[in-house]
Amino acid sequence: NKACVTTEQEAIEASAGIGFPIMIKASEGGGGKGIRMVATEDELRANFTQVQNEVPGSPIFMMQLCKNARHLEVQIVGDEHGNTVALNGRDCSTQRRFQKIFEEGPPVIAKPETFREMEKAA
């Protein structure tokens, strides 16, 4: 997969284009496993293998960390005919060790018109 890195060396090369700080994430991880924040190449080297070992065989991707961002979600449901509807949204920003502690809904941090645009995009 072109979006994933499979070796520490690939991760280091990708970091040059992404820029620190970076999140390393195993796509099959969850519950706080398989995810690390790194601020330097040394931290990247130290944490890449940990992510691999926590979720063996999982594809790993990297992304630039967005500081002071909010984690807002739109819940959608669809059927086999392609009909979809946005049910609600939630703010999942309260986290510890990259795991949600609780979800708050509706998300009051976003303006209603902004959240409507998010629902349409979902």
**Request:** Among the numbered conditions (1) modelled with pLDDT of 90 or more; (2) farther than 14 Å from Met23 by Cβ, tell me where Met63 comes up short.
**Result:** (2)
**Message:** Looking at the stretch 27-35, can you tell me whether even one residue there is modelled with pLDDT of 95 or more, surrounded by 13 or more Cβ atoms within 10 Å (Cβ to Cβ) and either of a type in the set (Asp, Glu) or in contact with a helix residue (DSSP H, G or I) (Cβ under 7 Å, 6 or more places away or on another chain) (or both)?
**Reply:** no
**Prompt:** If you take the residues in the stretch 104-122 that are in a loop (DSSP other than H, G, I, E, B) and out of contact with any strand residue (DSSP E or B) (no Cβ under 7 Å at 6 or more places or on another chain), which one is farthest from His71 (Cα to Cα)?
**Reply:** Lys111
**Message:** If I go through the stretch 3-57 residue by residue, how many of them are part of a helix (DSSP H, G or I) and of a type outside the set (Lys, Arg)?
**Reply:** 24
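Within the stretch 58-88, track down each residue that is within 16 Å of Glu10 (Cβ to Cβ) and either open to solvent by 90 Å² or more (accessible area, probe 1.4 Å) or assigned to a strand (DSSP E or B) (or both).
Correct list: Ile60, Phe61, Met62, Met63.
The values are calculated or read from the model by the stated rules, or taken from the named source; none is laboratory data. All of these numbers come straight from a predicted model, not from anything done at the bench. All Cβ positions, glycine included, derive from the backbone under ideal geometry; neighbour counts span all protein chains shown. Keep in mind that these areas ignore ligands, DNA and RNA; they rest on the heavy atoms of the full protein, side chains included. Shrake-Rupley method; radii C 1.70, N 1.55, O 1.52, S 1.80 Å.
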